[in-house]
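Pasting a structure below so you can have a look.
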Amino acid sequence: MKAIKVPNELTCAPYYQRELKLNGVSLVESCTLTHRTEGSMYLGEHMLLVVLEGTNTITHGKNTYVVNKHEMVLLKKAVQVSYDKCGNPGNNYVYDSMLFFIKDEFLKEFIKMTKIESVNCAEAVLVSVKPVKERLLKFFESLKPYFNEPENIDAGLIRLKMLELLYDLASTDKNLFQQILQLKQPVYSDITHIVEENYANPITLTDMAYLSGRSLSSFKRDFQAIYQVSPAKWIREKRLAKARQLLQTNLPVKDVCYSLGFESVAHFSRLFKEYFGHTPSETKSRVVVLVD
């Protein structure tokens, strides 16, 4: 089982606080003094956000989730989200939260242990903010001491605690239970909607196939039938067109490159020049000249 990859935005100052890692799951504790912190990140794995103090407003596409103190929201992987964190003005602007990043393999282990039949739903369960009741609140509080000495915490113990978390979440309400099941097997979705909404995000073909509820081979076959071109070529050309648009703003070439999912600046520059006949840097220079 591969280790979890936590979004870079959470492992660089000033966002990262303390982290516990285990194959299949990663926990990030954030406790900061902040009037307001905004940003965005790509979720490579499923994420449960629990706010213990303050407020975090999460935006994904047209959906906005305001998560207040003692509330939580569960989001599926392979999406780009924006966040707006605000500390509690009544408590010295403290913002306190826990984030749990969970891999499919860990979900499969939980479903196998509970002997739950695989559920294929015709419609996606709506994501919604849920209250953190006393039982779950005590659970989150029990994890706090683990962050003080992560090197002395046995991986087996963390695994048991995370399985306990999934059991507790599943018993919270029927909607959240169904949502957990659908994380493993997403609902069969319209390919056109998926690719148009996500092509500009740093997302892989495997992620897009997951979001559409298909295997990678089925996704490629269905995509080809719709667009008459391979998904890799279509996405590359759409991202290059988006890149040219972003290069006309104040964003540096490097930021444009990585925000659209290109593997390196050199690779991005080569593809850009092959497609448009000039490099990203030359495009930026032309914009500066026109402005002057």
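The values are calculated or read from the model by the stated rules, or taken from the named source; none is laboratory data. Just so it is clear, the model here is predicted, and its values are computed rather than measured. A quick note on method: Cβ atoms are made from the backbone with ideal geometry, for glycine too, and the neighbour counts reach across all protein chains shown.
What do you reckon, is Lys144 out of contact with any helix residue (DSSP H, G or I) (no Cβ under 6 Å at 6 or more places or on another chain), part of a strand (DSSP E or B) and farther than 30 Å from Val195 by Cβ?
Values: out of contact with any helix residue (DSSP H, G or I) (no Cβ under 6 Å at 6 or more places or on another chain): yes; part of a strand (DSSP E or B): no; farther than 30 Å from Val195 by Cβ: yes.
When the stated conditions are applied, Lys144 does not pass them.
Would you check if Thr64 is surrounded by 15 or more Cβ atoms within 10 Å (Cβ to Cβ) and either within 19 Å of Gly39 (Cβ to Cβ) or of a type in the set (Gly, Ala, Ser) (or both)?
no
Right, another one. Looking at the stretch 197-237, which of its residues are touching a residue at least 60 places away in the same chain (Cβ under 8 Å) and assigned to a helix (DSSP H, G or I)?
Glu197, Asn198, Asp207, Met208, Tyr210, Leu211
Suppose the filter is modelled with pLDDT of 85 or more and either assigned to a helix (DSSP H, G or I) or not basic (Lys, Arg) (or both); does Leu181 pass it?
It is false that Leu181 is modelled with pLDDT of 85 or more and either assigned to a helix (DSSP H, G or I) or not basic (Lys, Arg) (or both).
Out of everything in the stretch 185-196 that is out of contact with any Pro (no Cβ under 8 Å at 6 or more places or on another chain) and surrounded by 18 or more Cβ atoms within 10 Å (Cβ to Cβ), what residue ends up being nearest to Leu246 (Cα to Cα)? Don't jump to the end; show me each part of the working.
Quick first cut of the stretch 185-196, residues out of contact with any Pro (no Cβ under 8 Å at 6 or more places or on another chain) only: 185-194, 196.
Still in the list and also surrounded by 18 or more Cβ atoms within 10 Å (Cβ to Cβ): 186, 191, 194.
Numbers: Pro186: 32, Ile191: 25, Ile194: 22 Å.
It comes out as Ile194.
Let me ask another. I'd like the residue in the stretch 152-164 that is in contact (Cβ under 8 Å) with a residue 24 or more places away in the chain and under 23 Å from the mean Cα position of the chain (by Cα) and, out of all such residues, is surrounded by the fewest Cβ atoms within 10 Å (Cβ to Cβ).
Step by step, filter the stretch 152-164, then rank; the result is Glu164.
Looking for whichever is among the aromatic types (Phe, Trp, Tyr), exposed (fewer than 15 other Cβ atoms within 10 Å of the Cβ) and farther than 19 Å from Val125 by Cα here; the options are Tyr227, Tyr167. Which one fits?
Working: Tyr167 fails: farther than 19 Å from Val125 by Cα.
Of the residues listed, the single one that is among the aromatic types (Phe, Trp, Tyr), exposed (fewer than 15 other Cβ atoms within 10 Å of the Cβ) and farther than 19 Å from Val125 by Cα is Tyr227.
Identify all residues within the stretch 23-41 that are of a type in the set (A, V, I, L, M), surrounded by fewer than 20 Cβ atoms within 10 Å (Cβ to Cβ) and touching a residue at least 60 places away in the same chain (Cβ under 8 Å); write none if there are none. Don't jump to the end; show me each part of the working.
The first filter runs over the stretch 23-41 and keeps only residues of a type in the set (A, V, I, L, M), leaving 25, 27-28, 33, 41.
Filter once more, keeping what is surrounded by fewer than 20 Cβ atoms within 10 Å (Cβ to Cβ): 33, 41.
Within the stretch 23-41, just Leu33 meets the criteria.
Also, I was wondering about something else. So Thr249 passes all but one of these: (1) loosely packed, with under 15 Cβ neighbours inside 10 Å; (2) β-branched (Val, Ile, Thr); (3) not in a loop (DSSP other than H, G, I, E, B). Which condition number does it fail?
It fails just one condition, (3).
Then there is this: Taking the stretch 74-95 on its own, how many of its residues are surrounded by fewer than 20 Cβ atoms within 10 Å (Cβ to Cβ) and farther than 19 Å from Asn201 by Cβ?
Number of matching residues: 8.
Go through (1) closer than 28 Å to Arg159 by Cβ; (2) buried (at least 20 other Cβ atoms within 10 Å of the Cβ) for Gly44 and report which single condition fails.
All conditions pass for Gly44, except number (2).
Right, next: Here's a check for you: in the stretch 74-89, which residue that is small (Gly, Ala, Ser) and outside any strand (DSSP E or B) is nearest to Glu38 (Cα to Cα)? Spell out how you get there, then give the answer.
Step one: filter the stretch 74-89 for residues small (Gly, Ala, Ser), giving 78, 82, 87.
Filter once more, keeping what is outside any strand (DSSP E or B): 78, 87.
Values: Ala78: 20, Gly87: 12 Å.
Looking at the filtered set, the residue picked out is Gly87.
Here's the yes/no breakdown for (1) within 30 Å of Trp234 (Cα to Cα); (2) in contact with a Lys or Arg (Cβ under 7 Å, 6 or more places away or on another chain):
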site: Asp154; (1), (2): no, no
site: Ile158; (1), (2): no, no
site: Gln179; (1), (2): no, no
site: Tyr199; (1), (2): yes, yes
site: Leu205; (1), (2): yes, no
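Right, another one. Taking Thr114 as meeting all but one of (1) over 22 Å from Leu157 (Cα atoms); (2) at pLDDT below 85, write down the number of the exception.
If we test Thr114 against (1) over 22 Å from Leu157 (Cα atoms); (2) at pLDDT below 85, just (1) comes out false.
Of the conditions (1) touching a residue at least 60 places away in the same chain (Cβ under 8 Å); (2) closer than 21 Å to Ile58 by Cα, Gly87 fails just one. Which one is it?
Here Gly87 meets the rest and fails (1).
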